[in-house]
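Colleague: This is the structure I have questions about; it appears just below.
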Amino acid sequence: MVLRRAGWMGGCAALLSACAPRPLPPPSLPSAITDRAADFAKSVPHVAASGMRDASEQAFVDSVLARMTLPEKLGQLTQYAGQWGQTGPRVETATEDAIRRGEVGSFLSVWGADVTRRLQRIAVEESRLGIPILFSHDVIHGFRTLFPVPLAEAASWDPDVARESARIAAAEASAYGIAWTFAPMMDVARDARWGRVVEGAGEDPHLGSVMAAARVRGFQGTDLRAPLSIAATAKHFAAYGAAEGGRDYNIADIPERTLRETYLPPFRAAVCAGAATFMASFNEIGGVPAHASRALQTDVLRGEWGFNGMVVSDWGGLQELIPHGVAAGRADAARLGLRAGVDMDMVSEVYLKELPAEIAAGRVPMAEVDEAVRRVLRLKYRLGLFANPYARGDTSRELPAGRLPAEHRRAAYEAAARSVVLLRNAGGVLPLDRARIRRLAVIGPLAADRHSPLGSWNGAGRDEDVVPVLDGIRRAAGSGITVDYTAGVDSVRSTSGGGFAAAVRAARAADAVVLVVGETEDMTGEASSRVSLDLPGAQRELVEAVRAAAGRKPVAVVLMNGRPLALEWMHDTVPAIVEAWFGGVEMGNAVGDVLFGEVNPGGKLPMTFPRATGQVPIYYNYRQTGRPADPRNEYTTGYERSPSTPLYPFGHGLSYTRFTYGAPRLSAARMGAGDTLSVTVEVTNAGGRAGDEVVQLYVRDPVAAVTRPVKELRGFRRIRLNPGETRAVTFRLTVDDLAFWDAAPRRIAEPGAFVVQVGGSSEQVQSAEFELVTVDGGAIAVPERCGAA
Ligand code: BGC
């Protein structure tokens, strides 16, 4: 079986065919270059990890390029998928021959110290030039130690969580020979039907930028050559998250100013953080597929942003230019992709097979091929692969089941605990009071699920390493409480109520009830868009039956899911709702500690929760219509007999304690274009427990040349306060925070009034106003710059 749906690619995953090599002068230097590279690298220890145009690097790359034949060059531009054998990933014998010929630039989904070292040895010792192979894999939120899914980590509003989980993932993956991950995904997503919202940081460009930068830094570390660092990929470039109707792979019909204002900022932040590679997205934008978009892959990325790394296609993305309808055949697809600036071809094999004829016919300049090859070689160089091709695969660092390092588990626990969002807690049902509970009923099919907490893209994660929610609750409950478990339904998708009676009995016999419901991991991720955001199967009926049976006893729902769900009925029925996402290997322990109060939840929603599926796309930073929603006037924007407000807004999240906010204080009432304005707010823990609060700052430009969002997140800080403690939190605003893309589009800021809003959610805010003044009273250009993210 091919590791990832290679089936439909048919011939693509097949062996290299002869690709009509054009005779090039024989290499002037014999055999492998590896040793030379090692010496070379030693002589220039200052060579930067990434992002640096280093003269020595350039000279090295050019010296290799000068010796390459066309098949070797095209081989470097080609990435093959591994197969799955009895014992793990493997490759065909014929592909090994291709390695010997120097025609394999990269593998995806081939990992394991033994297999990668063996293949690397063939490349380095048996191929003519000895160019090392780049092994890659989707290391998305952990490799052996699975962390909460990226959407969950974004709910922590803590970039340290994302950075640390990426660092550990890189360290673990590198032991298996992986040098490059296809992460982070930074697609802003406003439509929860889209299955891949689970992979990103949610709906907001600013939060998304901060998280993207943190993940890039976590994967890559400060030195990309270090054996524990791996190259990151900023994906999917661009606007994949704008898929119409939330259907995966669908078109993104958005204007350039929406693209720039909403979808591009995290990518820009990734460049600023030094992301080594980018991946083109499957979608088209306004009729131009991203894989054929020179405007995106070259003009914006390399021209405007100065990115000098490598761009890889998505899986078969080049060949898909044919069904998109912009390429008549594979040769067209190859030409368009290369022209656009896509350097490496993931599994389509169109570069390898089609470019020789295109070059021979003069339709593709050799210089274009050379430039792409340079970028691939540069990446290998920056990763230190030439200097030490075996630095990463290390059997002694591989981790068998049950052997996750304690430090990694601790980090996974921290991440899971910090990602939990308390959505509702009427009457202070939570935390559960051990003194009042002798019997606790845990109900729901996901409570004992060992697999779903791993989330989609679960790397080399193993079910055996997962602490299921049920086990975590039992541990946290302690020996004084008897925990009765019953699933209630056979699976999340089951529509049978056959297990309800047992669930109702358990609820009646207990002093408190915890229901664990939601989605299984395979309901989110790629190709897992859902038409409805309702709880699947008979889970709603189960919750309602149990809730009714429980009477006045404490009842809490723990949600396990990878997207916002439509839970208005639940909000009206159940007093306490805990959003725990797919929380990784330590999910159970984190949830148990939240339920019993060892952990005071402090996460906030990175995506709006609607009341009903029909409201999506729904997001907090919408632009005002000429008829803003007014429930008393039906001729305003909204729905017939249904509110258009969210159930839980972006930034929402409760705590077991209570925070109060003072009015925001500004350092000045007027701000010049070169000034920094401070916004200070005092936050007090007015409750009885220590807790975390995420202080959020939004900005609004009420009157502008184009309509502006009702508010936009511009800063946030997660702080911890003891009971009674007050802390002043200060944000600094510059003109960059006030800038927007006008109709042209140009990035400008306009003088006039601005509103800042500070609070604990996008809807719980207090405001203050200031004025931006410019020298001549006109708009000023505000070029993009690498900011705080
Ligand atoms: C996904 C990418 C992923 C690639 C390689 C594609 O289908 O869209 O996100 O990195 O496969 O597995």
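The values are calculated or read from the model by the stated rules, or taken from the named source; none is laboratory data. Please read these numbers as outputs of a predicted model, since none were measured by experiment. All Cβ positions, glycine included, derive from the backbone under ideal geometry; neighbour counts span all protein chains shown. Ligands, DNA and RNA are excluded from the accessible area calculation, which covers all protein heavy atoms including side chains. Shrake-Rupley method; radii C 1.70, N 1.55, O 1.52, S 1.80 Å.
Colleague: Using a 7 Å offset from the Cα along the Cα-to-Cβ direction at both ASP742 and ASP370, what is the distance between the two label points in nm, to one decimal?
Modeller: 4.3 nm
Colleague: I'd like the per residue volume of the convex hull spanned by the Cα atoms of segment 362-447, given in cubic angstrom.
Modeller: That works out to 301 Å³ per residue.
Colleague: Another question, if that's okay. So what's the Cα pair-distance distribution over segment 170-279, bin width 5 Å, in %?
Modeller: 2, 15, 23, 22, 17, 11, 7, 4, 1
Colleague: Describe numerically, in nm with one decimal, the distance between label points set 7 Å from Cα along Cα→Cβ at ALA781 and at TYR249.
Modeller: 4.2 nm
Colleague: Please work out the C-alpha center-to-center distance from segment 595-617 to segment 667-723 and express it in whole Å.
Modeller: For segment 595-617 versus segment 667-723, the Cα centre distance is 21 Å.
Colleague: Once amide H atoms are built 1.01 Å from N in the peptide plane, which residues 5 or more positions from LYS711, or in another chain, come under 5 Å H to H?
Modeller: TYR622
Colleague: Taking only pairs that are 8 or more places apart or on different chains, how many Lys pairs in the chain have Cα atoms under 29 angstrom apart?
Modeller: So the count works out to 12.
Colleague: Go through segment 745-751 residue by residue and turn each phi into a ³J(HN,Hα) via Karplus (6.51, -1.76, 1.60, θ = phi - 60°); whole Hz please, and just put x for glycine and proline.
Modeller: Values per residue, Gly and Pro as x: x, 10, 8, 9, 10, 10, x Hz.
Colleague: Tell me the carbon and sulfur percent of the accessible area for segment 95-237, rounded to whole percent, probe radius 1.4 Å.
Modeller: 50 percent
Colleague: Counting only Cα atoms, I'd like the Rg/Rh figure for segment 518-605, Kirkwood definition for Rh.
Modeller: 0.97
Colleague: Can you give the charge dipole size of the chain about its Cα centre, rounded to the nearest 20 debye, using +1 on the beta carbon of Lys and Arg and -1 on the beta carbon of Asp and Glu?
Modeller: 960 debye
Colleague: Ok, one more. Looking at the chain, send over the antiparallel percent of its DSSP beta bridges, to the nearest 5.
Modeller: Given both bridge residues lie in the chain, the antiparallel proportion sits at roughly 55 percent.
Colleague: Counting DSSP beta bridges in segment 557-697, what percent are antiparallel, to the nearest 5?
Modeller: The antiparallel proportion sits near 70 percent.
Colleague: Moving on to the next point. Taking a ≥ b ≥ c as the square roots of the Cα gyration tensor eigenvalues, with a/c under 1.5 meaning rounded and otherwise prolate when a/b beats b/c, else oblate, which class fits segment 601-710?
Modeller: oblate
Colleague: Using alpha-carbon pairs under 8 Å, 6+ residues apart, how would you state the relative contact order of segment 580-726 in percent?
Modeller: Rounded, it is 23 percent for segment 580-726.
Colleague: Please sort 204-211, 180-187, 245-252, 102-109 by packing, taking for each peptide the average over its residues of neighbouring beta carbons within 10 angstrom, highest first.
Modeller: 180-187, 204-211, 102-109, 245-252
Colleague: Let me ask something else about it. Quick check for me: using +1 on Lys/Arg Cβ and -1 on Asp/Glu Cβ, what's the dipole size of segment 313-355 about its Cα centre, in debye to the nearest 20?
Modeller: In total the dipole reaches around 160 debye.
Colleague: Next question. Given a 1.4 angstrom probe, what's the average accessible area per residue across the chain, in square angstrom?
Modeller: 35 Å²
Colleague: Looking at GLY286, ALA333, PRO266, which one has the Cα that reaches farthest to the positive end of the dipole of segment 210-358 (charges on Cβ: Lys, Arg +1; Asp, Glu -1)?
Modeller: With unit charges placed on the Cβ atoms, the residue in question is PRO266.
Colleague: Defining a contact as two alpha carbons under 8 Å apart and six or more residues distant in sequence, what relative contact order in percent does the chain show?
Modeller: 13 percent
Colleague: Apply the Kirkwood formula to the chain: the hydrodynamic radius equals the inverse of the mean of 1/r over all pairs of different alpha-carbon atoms; give it in Å with one decimal.
Modeller: 27.4 Å
Colleague: Whose amide H sits under 5 Å from the amide H of VAL364, counting only residues 5 or more places off or on another chain, with H placed in the peptide plane?
Modeller: Residues meeting the criterion, in which the H sits 1.01 Å from N, are ILE359.
Colleague: Using per-residue counts of other Cβ atoms within 10 Å, averaged over each peptide, order 612-619, 329-336 from highest down.
Modeller: Final packing ranking: 329-336, 612-619.
Colleague: Now, a different point. Would you mind getting me the FRET efficiency between ALA668 and GLU407? Use the beta-carbon distance for r and R0 = 35 Å, nearest 0.05.
Modeller: 0.15
Colleague: Additional query: Given 0.36 nm per residue, what is the gain on full extension from GLU640 to VAL288 after removing their alpha carbon distance, in nm?
Modeller: My answer for the length gained is 123.1 nm.
Colleague: Using amide H atoms built 1.01 Å from N in the peptide plane, name the residues 5+ places from LEU440, or on other chains, whose amide H lies under 5 Å from its own.
Modeller: THR482, VAL483, ASP484, ASP511
Colleague: Which ³J(HN,Hα) values in Hz, rounded to whole numbers, follow from the phi angles of segment 445-460 under the Karplus curve 6.51 cos²θ - 1.76 cosθ + 1.60, where θ = phi - 60° and Gly and Pro get x?
Modeller: x, 8, 4, 9, 6, 8, 9, 4, x, 5, x, 6, 6, 9, x, 9
Colleague: Next up: Expressed in nm², what is the orientationally averaged projection area of the convex hull enclosing the Cα positions of segment 219-351?
Modeller: 8.1 nm²
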